[in-house]
Amino acid sequence: MTLPPVSATTTPDPALAYRDDLIAAGLLIPTGVDGLYGRSALFESVVTGLDDAVTRMAAGDGAEVMRFPPLLTREAFIASGYLKGFPHLAGTVHSFCGNEAEHHRMLAAIDRGEDWSQHERPADVVLTPAACYPIYPVIAGRGKLPDQGALVDVFSYCFRHEPSVDPCRMQMFRMRENVRIGSAGHVQTFRDTWRGRILGFVERLALPGALDVANDPFFGRAGKLMAEGQRDQQLKFEILIPVTSESNPTACISLNYHITHFGEIWPLRMADGELPHSSCVAFGIERLTLALFRHHGFDPATWPAGVRAELWPSP
Ligand code: ATP
Ligand code: ZN
C-alpha cells in the first residue's frame, strides 16, 4: 500500500510535510516546541473512538480500571530502573522552594537570560514515561497476588524528551494499556490473546500494519546489548504502520514482556510466593490517530464504513 501524497511538496522531509498538513487542517495546534501540540475537537473525537474501541476489545476480561495523572512518585521512578535504560527520555519535575531573597535572585537570573534551574529543587514526582509504571507499586502494596494474578487497564498522558518534527514522535502523548501480572502461563495467554486482537484491530481499521519484533531505545553502549538481548528473547513486538515513511514505519501498538523485572523490583509475589511475570499491551493513541488521518484522509465522515463502525458503532 502506497502512502497518499502530502500536500506540502516543497518540504523535502515527509514527516515535516505531514505535520504542516495537520497544522494547516487545524487538527494539531502548534506551540512552537517540536513534539508539543494542542489537539482539535475532530482529533479528539478519533482519540475517543480509539479509546472506546480498545475498551470493547477487552470487555469481558474483567480488568481493573485505574487512572492516574501523568505523574509518578520519584521513588517509583527510581525503582523502575528507567534512568538506567532511558536517561535521555526522562522528564523530572522541579519546583521553587526558597525564600523571598532567593525568589528575587531567581527572577533576576531569568531577566538576565541566565540559567535559573539552580533555584529549583527536585519535586516528589516525575513525569510518567509509560502508562503502566504507577500500577506496580500499587499492586505490590496490596500484598500477595490472588491466584488468578492481576489485570489492570490504564490510560495516561506520558512524557518522553524526544523533540522531533515528526508528528508521530511527540513529547506528551497518550498510552492506553492493559497490564497482566501473574504466572508465566497467565502472561503467555495474555500475550497470545492480544497478539491476535491487535492484528484484527488494525485490519478492521483498514491500516497496513505488520507485527514485528522490536526493542526499546536503550541509552548508550550497554543499551545496545540490552536492545539485542530484548530482540533475541522476543520480549517486545510492535504493530508498525507507515505514517510518514514507507521504509521506516511507525510503532503504533507495543506488546511488551517484562519477564520478572517488575516483580523483582517491588517486590510482587504470587499467592504461592513465586515471582510473578508481567506483560503489557500499549496503544499509542496519537500515533493510531495520525495513521488513520494519513490513510483515510482528514475527514472521518468520509472514512470507510467498516473503520467508522469500529470506532463509532451505532447503538
Ligand atoms: P519508539 O520505538 O517509536 O521510540 P517505543 O518502543 O519507545 O517507541 P513504547 O515504549 O513501547 O514505544 O511505547 C508504547 C507505545 O507508545 C508505542 O507503541 C507508541 O505507539 C507510543 N509512543 C511511544 N513513544 C511515542 C512518542 N514519542 N510519541 C507518540 N507516541 C509514542
Ligand atoms: Zn507498559
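The values are calculated or read from the model by the stated rules, or taken from the named source; none is laboratory data. Because the structure is a prediction, the values reported are computed rather than measured. Quick reminder, even Gly has a Cβ in these numbers, built from the backbone with ideal geometry, and neighbours come from all protein chains shown.
A few remarks follow.
- Residues that are over 12 Å from the mean Cα position of the chain (by Cα) and within 16 Å of ligand 2 (Cβ to nearest atom), drawn from segment 147-177: GLY149, ALA150, LEU151, VAL152, ASP153
- In this entry, ALA301 is excluded by the filter for residues that are closer than 20 Å to GLY141 by Cβ and either exposed (fewer than 15 other Cβ atoms within 10 Å of the Cβ) or of a type in the set (Asp, Glu) (or both).
- Subset of segment 159-182 (residues that are part of a loop (DSSP other than H, G, I, E, B) and out of contact with any Pro (no Cβ under 7 Å at 6 or more places or on another chain)): HIS161, GLU162, PRO163, SER164, VAL165, ASP166, PRO167, CYS168, ARG169, MET170
- For segment 264-287, residues that are away from ligand 1 (no atom under 16 Å from the Cβ) and either in contact (Cβ under 8 Å) with a residue 40 or more places away in the chain or in contact with a Ser or Thr (Cβ under 7 Å, 6 or more places away or on another chain) (or both) total 12.
- With respect to the conditions (1) exposed (fewer than 14 other Cβ atoms within 10 Å of the Cβ); (2) under 17 Å from the mean Cα position of the chain (by Cα); (3) not in a loop (DSSP other than H, G, I, E, B), HIS94 falls short on a single one, namely (2).
- Unique residue being away from ligand 1 (no atom under 16 Å from the Cβ), closer than 26 Å to ALA24 by Cα and at pLDDT 95 or above when the list is LEU311, LEU290: LEU311
- Residue within segment 224-234 that is within 16 Å of ligand 2 (Cβ to nearest atom), over 16 Å from the mean Cα position of the chain (by Cα) and crowded, with 16+ Cβ neighbours inside 10 Å present: yes
- Residue in segment 231-263 that is farthest from PHE298 (Cα to Cα), counting only those that are within 10 Å of ligand 1 (Cβ to nearest atom) and small (Gly, Ala, Ser): SER254
Residues checked against (1) within 12 Å of ligand 1 (Cβ to nearest atom); (2) not in a helix (DSSP H, G or I):
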| position | (1), (2) |
| --- | --- |
| ARG121 | no, yes |
| ALA131 | yes, yes |
| GLY143 | no, yes |
| PRO146 | no, yes |
| VAL152 | no, yes |
| VAL187 | no, no |
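- Checking SER183, SER156 one by one, the residue that is small (Gly, Ala, Ser) and crowded, with 21+ Cβ neighbours inside 10 Å is SER156 and no other.
- For THR250: the one exception among (1) within 22 Å of HIS88 (Cα to Cα); (2) of a type in the set (S, T, N, Q); (3) within 14 Å of ligand 2 (Cβ to nearest atom): (3)
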